[in-house]
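First up is the structure itself, then whatever we jot down about it.
The values are calculated or read from the model by the stated rules, or taken from the named source; none is laboratory data. As the structure is a computational prediction, the values presented were derived from the model and not from experiment. Ideal geometry is used to build each Cβ from the backbone, glycine not excepted, and the neighbour counts take in all protein chains shown.
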Amino acid sequence: MLTILLVINFFLIMQLIWVLYNSRGFLEQPGKRAVPAKQISILIPARDEAAVIGRLLDSLIPQQDYIKEVLVLNDHSTDGTAAIIQQYQQKLPMLKVYYGKELPDGWTGKNYACQQLGEYAAGEWLLFLDADVTLEKNGLSLLQPYLNGRYKMMSAFPRQRVHTFLERMLVPFMMFLVLCHLPIRQVSRSQDPRFTAAHGGFICIHKKSYQKAGGHAAIRSAIVDDMELMRLMKRCAFPVALLRGEQFANMRMYESNQSVWLGFRKNIFTGTGSNIFLSMFVCLFYALLYVVPTVSLVLALITGKAYIIIAAAAAYIIGAIIKFYIDYHSRTNWHTFFLYPIACSCFILLALDAIRIHKRKEGYVWKGRRYYR
């Protein structure tokens, strides 16, 4: 066991060094320049978003100098979404509301909603925002320098607001996975679609480039639509970039433990290319690196094996440093970083549940629709 723990310590040290290096790979803000005003179309797909869409629309009101239009597509909502939107038509004169068409075969709901919004939009740049996103006070002002034509698509991970137990455990894992495993610099430097990271809550894309690539129609059946859209742009030779998102926006992706589980379960297995062996390898890797040391430490404290205690404690501490660094810099729930073995365990159980759903061909349920992939 001591040998295994020493090997784990070595890999964790390598992981820490990589994270420290990789976190500096996000695209830096270009120098300020004069840009045409009101060139951005804000596009918001909304399906049963009455609880959150008002917060987003409120955050747009003081930033109208940068907005050409705000388009909301009410995608067959059954709650009070339409009534909430209507309340903002005077506060946001450029707000336009559309009602979603019936979902055609072969499309996912969000992709079809985004495709319709893209067809209605008139701005040079399209900023797709999820309804649960809230722009920061100077979010659109800070975005302006990036609209210099060098990149045709930019995505950012908004700062996450978390409250429930599973939110705290699983939501920060998005950035953890990105920084631990994806070479950030290669997202913007390489046209290889394998180097891709995007967040569907905040995607800014050049309209003409988007249209030339085929828009959301080209990825109509994709469950992880944000990643597939960036891969599409790369395959069409349009430069893309990943930005640090906490400067632009914040969001609460899920409102309950159940929605956290269902939402991430829908995406997690598809994120590995629906590859069962790769998913199982990731689960095993995380169990060895982040769960085994903690279990070993507890057992060693009971049995009093000093060398095991030291090796296991060292592994736990290095893992905690990695998790603290990532959570602190993404400004998401950093004060529970020391619970990372529990977070990793939740992640593993979630991945295994997603594999189970896939094997049984039960389909992933989200917002009243079932997706088979």
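For the stretch 139-152, residues that are farther than 14 Å from Arg244 by Cβ and either without any contact (Cβ under 8 Å) to a residue 24 or more places away in the chain or aliphatic (A, V, I, L, M) (or both) total 2. When Tyr88, Tyr66 are checked against the criterion of being surrounded by 14 or more Cβ atoms within 10 Å (Cβ to Cβ), under 20 Å from Leu143 (Cα atoms) and not hydrophobic (A, V, I, L, M, F, W, C), Tyr66 stands alone in meeting it. Leu229: touching a residue at least 40 places away in the same chain (Cβ under 8 Å), on the phi < 0 side of the Ramachandran plot and in contact with a helix residue (DSSP H, G or I) (Cβ under 7 Å, 6 or more places away or on another chain), yes or no? The answer is yes for Leu229. Within the stretch 53-65, the set of residues being at pLDDT 95 or above and either of a type outside the set (S, T, N, Q) or outside the structural domain of Ala131 (by TED's automatic domain parsing) (or both) comprises Ile53, Gly54, Arg55, Leu56, Leu57, Asp58, Leu60, Ile61, Pro62.
Is it the case, given these coordinates, that Ile8 is without any contact (Cβ under 8 Å) to a residue 12 or more places away in the chain, hydrophobic (A, V, I, L, M, F, W, C) and not in a loop (DSSP other than H, G, I, E, B)? Criteria not met by Ile8.
The condition of being part of a helix (DSSP H, G or I) and closer than 24 Å to Arg220 by Cβ holds for only one of Lys101, Lys110, that being Lys110.
Take the conditions at pLDDT 95 or above and within 24 Å of Leu140 (Cβ to Cβ) and apply them to Ile8. Does it pass?
no
Is it the case that Ala82 is hydrophobic (A, V, I, L, M, F, W, C), crowded, with 21+ Cβ neighbours inside 10 Å and not in a loop (DSSP other than H, G, I, E, B)? Write out each step before concluding.
Working: hydrophobic (A, V, I, L, M, F, W, C): yes; crowded, with 21+ Cβ neighbours inside 10 Å: no; not in a loop (DSSP other than H, G, I, E, B): yes.
No, not satisfied.
When the residues of the stretch 205-227 are filtered to those that are part of a helix (DSSP H, G or I) and touching a strand residue (DSSP E or B) at 6+ places or on another chain (Cβ under 8 Å), the one that is nearest to Pro45 (Cα to Cα) is Asp226. Has the stretch 329-351 got any residue that is surrounded by 13 or more Cβ atoms within 10 Å (Cβ to Cβ) and either more than 27 Å from the chain's Cα centre (by Cα) or more than 27 Å from Leu16 (Cα to Cα) (or both)? Within the stretch 329-351, not a single residue is surrounded by 13 or more Cβ atoms within 10 Å (Cβ to Cβ) and either more than 27 Å from the chain's Cα centre (by Cα) or more than 27 Å from Leu16 (Cα to Cα) (or both).
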